[in-house]
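Undergrad: Can you read through this structure? Questions will come right after.
The values are calculated or read from the model by the stated rules, or taken from the named source; none is laboratory data. Note that this is a predicted model, so its numbers are computed, not measured. As a convention, Cβ positions derive from the backbone with ideal geometry for all residues, glycine included, and neighbour counts pool all protein chains shown. Quick note on the areas: whole protein, heavy atoms, side chains included, nothing else; ligands and nucleic acids left out. Shrake-Rupley method; radii C 1.70, N 1.55, O 1.52, S 1.80 Å.
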Amino acid sequence: MSELEKRIAQQIELRADDGAKTLTGYAAKFNTPTGIADYFVEQIAPGAFSETIKGDVRCLFNHDSDNVLGRTASRTLRLWEDDIGLRFEVDLPDTNLGRDIGKLVERRDISGCSFGFRALKQTWDDTTSPPGRTLEKVEISEISIVTFPAYPDTSVGLRSLEAARADAETAKAAEQRKAENAAAAARRLAEKRAIQEQKFRGI
């Protein structure tokens, strides 16, 4: 299985209805090329989340599993795709953490979110510099409201790039072996036909 990676997004918003506070925004946007630490340029294809968001996903604070803000299983976190990307809403709990985060977002001291994922299906374009990566299907593990938006796992992305290049080399070698085997089989068939024709002519 591919390793866990994290990516950032910006512009979360705070809504207050009847005293309850809800954070909303995009955890990811489609077809938006993003440079990942000069290693590669990444974009997410529409539909990449359509199946995996049906699972049990949590909203955390700073990727800490002890700081749960919402959960899809309890409907306190809602995820869906639209034409722009992966949209989320999380109803902040009436706890010290929930109230603190609501106030910090309201003051714009916190304005970013992040999501953790595993790449289930991806394609690489090595014809560009830096190379391009398209995430076609991803498994979401969690989204997080974060204090310091960053790309902490670019090393995982680099390993993904190296693995993709190794896979490409393996596929190229396999295709070459396949072509060589086909050519050898064609030669053997031609030699066999030549022998049969010689026997038929009595040579």
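Undergrad: List every residue whose amide H lies under 5 Å from the amide H of residue 21, counting only residues 5 or more places away in sequence or on a different chain, with H placed 1.01 Å from N in the peptide plane.
TA: Amide H neighbours of residue 21: 92.
Undergrad: With only Lys, Arg, Asp and Glu charged, each at its Cβ (+1 for the first two, -1 for the last two), find how big the charge dipole of the stretch 3-107 is about the Cα centre; round to the nearest 20 debye.
TA: Charge dipole, the stretch 3-107, about its Cα centre: 180 debye, nearest 20.
Undergrad: Calculate the radius of gyration of the Cα atoms of the stretch 6-75 to one decimal place, then report Dmax, the largest Cα-Cα distance, as a whole number, both in Å.
TA: 14.6, 46
Undergrad: Hey, another quick one. On full extension of the chain, what length is gained from residue 31 through residue 62, given 0.36 nm per residue of separation minus the C-alpha to C-alpha distance?
TA: Difference between extended and current length: 8.6 nm.
Undergrad: Report the calculated FRET efficiency for residue 184 and residue 120 (r = Cβ-Cβ distance, R0 = 35 Å), to the nearest 0.05.
TA: 0.40
Undergrad: Something else: Restricted to Cα positions, what overall size does the stretch 2-152 have along the principal axes? Three whole-Å values, descending.
TA: Principal axes ranked by extent give 53, 29, 28 Å for the Cα atoms.
Undergrad: Taking Cα pairs under 8 Å and at least six residues apart, what relative contact order does the stretch 54-103 come out at, in percent?
TA: It rounds to 26 percent for the stretch 54-103.
Undergrad: Sketch the reach of a paramagnetic label on residue 74 as a point 7 Å from Cα along Cα-to-Cβ, and name the residues of the stretch 91-129 whose backbone nitrogen lies under 12 Å away.
TA: 91-95, 98
Undergrad: Gain in length, residue 129 to residue 197, computed as 0.36 nm per residue apart minus the alpha-carbon separation, to one decimal in nm?
TA: Answer, rounded to one decimal: 18.9 nm.
Undergrad: How many percent of the accessible area of the stretch 1-90 is carbon or sulfur, using a 1.4 Å probe?
TA: About 46 percent, which is the carbon plus sulfur part of the accessible surface.
Undergrad: Could you check the spin-label model distance between residue 51 and residue 16? Points 7 Å from the Cα along Cα→Cβ, value in nm.
TA: In this crude label model, residue 51 to residue 16 measures out at 4.3 nm.
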